[in-house]
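Single-structure report; data block below.
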Amino acid sequence: MIFAGFYFWIAKMTGLQYSEVLGKIHFWIFFVGVNVTFFPQHFIGLAGMPRRIPDYALQFADMNMISSLGAFLFGASQLMFLYVVIKAIR
């Protein structure tokens, strides 16, 4: 995984160490965000929602909203990673 490699090599590249607590927070936000994004899509697909359509039946709206919230959480984890990197470099 790219993040693990970066966390391993950042000390060697910059001579500085990142905050391990912030790295662990980033990992858990990332882990939860990815699973909340993609796990409901598995069940939506089993329930019969076709892929790659711009509009879908209302029966899939709740699970798609959960998946969207997970995607925002995943995006927040990327911002957290950027914060960890900037803090380590400074």
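The values are calculated or read from the model by the stated rules, or taken from the named source; none is laboratory data. Computed from a predicted structure; not experimentally measured. Note that we place each Cβ from the backbone using ideal geometry, even for glycine, and neighbour counts take in every protein chain shown. Note: areas computed on protein heavy atoms with side chains; ligands, DNA, RNA excluded. Shrake-Rupley method; radii C 1.70, N 1.55, O 1.52, S 1.80 Å.
Tabulated data for the structure shown
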quantity	calculated
Helices (runs of 4 or more DSSP H) wholly inside the chain containing at least 1 residues that are among the hydroxyl-bearing types (S, T, Y) and open to solvent by 80 Å² or more (accessible area, probe 1.4 Å)	61-89
Filter result (among the hydroxyl-bearing types (S, T, Y) and either on the phi > 0 side of the Ramachandran plot or touching a Gly at 6+ places or on another chain (Cβ under 6 Å) (or both)) within the range 56-90	S77
